[in-house]
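The values are calculated or read from the model by the stated rules, or taken from the named source; none is laboratory data. All values reported here derive from a predicted model rather than from experimental measurement. Every residue, glycine as well, gets a Cβ built from its backbone with ideal geometry; the counts of neighbours run over all protein chains shown.
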Amino acid sequence: MEEKSKYASQTIDSPSMLKRYSHNIRFSVGKKLLNIGKEDIFLDYGGAEGAFSQTLINLSPKEIMIYEPPGDMTEGLKKNCAYVREGFDINYTMESDISKIKDNYFNKIALFEVLEHLSENLTKEALQNIHRVIAADGVLVVSVPVEIGPAGLAKNLFRLFKGEDHDSITLRNIARAFFGLPIYRGEYDYVNSHVGFNFYITKKILENEGYKITKTMYSPFRIMGWLINSQAFFVCKKILR
C-alpha cells in the first residue's frame, strides 16, 4: 500500500529494528504453517488492516476474507481492500459482522496477535466463532506473544526503560511475569497492554473450546523454545462435537 497503515507502523514497519525483525519473522512463520494454496479459502480473523493477508495475494487462493470488528482499523482495512481489488484479480473481501459468515466455510484460518488483547470471555467467544466457520478438516493457526520467563522479562524491561504507557509495568509485575504468576489486567473486554498475558492459559482455553493442538512452534529463533522467543504458534484442528 502507498500509505503506511497504523498496524504496520507498529509491527512490520516499526521504527524499532527488533520489532520489525520479530514481526516480519512472525509473518514468515505464519505463512509457512498455513501453507496457503490455490484451492484454499482463507479467513484472517481479527486481521486489523490486512497487513498479513496482503502478503498472501501472490499465492492466489480462491478467497481471502479479513474479519475485523468495527473500530480503529476499519478505515485502513477499507483502503487495503480497495487497493488490492484495484490492482489484483483476486477474491479479497472484508467483513465486520461475524454472524454473516457461513458455517464450515474456511479451510484455513489465521488468528494472529489477537487473543492477548481479549478477556477470557471474549477469547472463548472468538474461538467459538471460529469453530463455527471453519471446515471440518480445516486448519487454524494461532499466534500469541510470549510474555513470561526470560523473553517476558526482556520485553517488560524494554517497556519500562522506554517509558511506554503500560499501567501494569511495575517492578513487582515484571517479577511476577518472569515467573508466570497471575497479574491483574483489569475488568475490560479489550486489554491494550500485553503485560500479564500468559500463553499457557490460552493453550488450555484452545483445548477446552474444541481444538486439538497438532503442532507448537516459537519465533523468531529455532532454539530453546519459549525461553528466548517472542511469539508462540499453535496449529490446531477442529474437534467435531
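So which residues in the stretch 60-74 are in contact with a helix residue (DSSP H, G or I) (Cβ under 9 Å, 6 or more places away or on another chain) and over 16 Å from PHE42 (Cβ atoms), if there are any at all? Across the stretch 60-74, the qualifying residues are PRO69, ASP72, MET73. Restricting the stretch 27-47 to residues that are of a type in the set (A, V, I, L, M, F, W, C) and in contact with a Ser or Thr (Cβ under 8 Å, 6 or more places away or on another chain), which is surrounded by the most Cβ atoms within 10 Å (Cβ to Cβ)? Once the filter is applied, the top-ranked residue is PHE42.
Residue pairs whose Cβ atoms lie under 8 Å apart, separated by 6 or more positions or on different chains, with the first residue in the stretch 64-87 and in contact (Cβ under 8 Å) with a residue 12 or more places away in the chain and over 17 Å from LEU111 (Cα atoms) and the second of a type in the set (Asp, Glu) and outside any helix (DSSP H, G or I), are THR74/GLU68; GLY76/GLU49; LYS79/GLU3; LYS79/GLU49; ASN80/GLU49; TYR83/GLU2.
Would you point out which residue out of ASN156, ASN192 is in a loop (DSSP other than H, G, I, E, B) and not assigned by TED's automatic domain parsing to the domain that holds GLY225?
Just one listed residue meets the conditions, ASN192.
Restricting attention to the stretch 202-221, and to residues there that are basic (Lys, Arg) and part of a helix (DSSP H, G or I), which single residue is surrounded by the fewest Cβ atoms within 10 Å (Cβ to Cβ)? Among them, the one singled out is LYS204.
Screening GLU187 against (1) outside any helix (DSSP H, G or I); (2) in contact with a helix residue (DSSP H, G or I) (Cβ under 8 Å, 6 or more places away or on another chain) leaves a single unmet condition, (2).
One line per residue, one yes/no per condition, for (1) among the polar types (S, T, N, Q); (2) in contact with a Leu (Cβ under 6 Å, 6 or more places away or on another chain); (3) under 28 Å from LYS78 (Cβ atoms):
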| position | (1), (2), (3) |
| --- | --- |
| ASN104 | yes, no, yes |
| LEU111 | no, no, yes |
| LEU122 | no, no, yes |
| ASN198 | yes, no, no |
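Just one of the listed residues (TYR200, TYR211, TYR218) is hydroxyl-bearing (Ser, Thr, Tyr), over 15 Å from the mean Cα position of the chain (by Cα) and more than 16 Å from LEU140 (Cβ to Cβ), and it is TYR200.
Kindly check whether there is at least one residue in the stretch 160-168 that is under 21 Å from ALA126 (Cβ atoms) and part of a helix (DSSP H, G or I). There is no residue in the stretch 160-168 that is under 21 Å from ALA126 (Cβ atoms) and part of a helix (DSSP H, G or I). The residues of the stretch 69-125 that are of a type outside the set (Ser, Thr, Tyr), crowded, with 17+ Cβ neighbours inside 10 Å and in a helix (DSSP H, G or I), listed by number, are GLY76, LEU77, ASN80, CYS81, VAL84, LEU115, GLU116, HIS117. Across the stretch 60-70, the number of residues qualifying as at pLDDT below 95 and farther than 18 Å from LYS100 by Cα comes to 1. Of all residue pairs spaced 6 or more apart or on separate chains, those with beta-carbon atoms under 8 Å, a first member in the stretch 102-130 that is within 15 Å of PHE52 (Cβ to Cβ) and a second member that is part of a helix (DSSP H, G or I) and of a type in the set (D, E, K, R) are PHE112/ARG26; GLU113/ARG26. Against the numbered list (1) touching a Ser or Thr at 6+ places or on another chain (Cβ under 7 Å); (2) surrounded by 21 or more Cβ atoms within 10 Å (Cβ to Cβ); (3) on the phi < 0 side of the Ramachandran plot, PHE199 comes up short only at (1).
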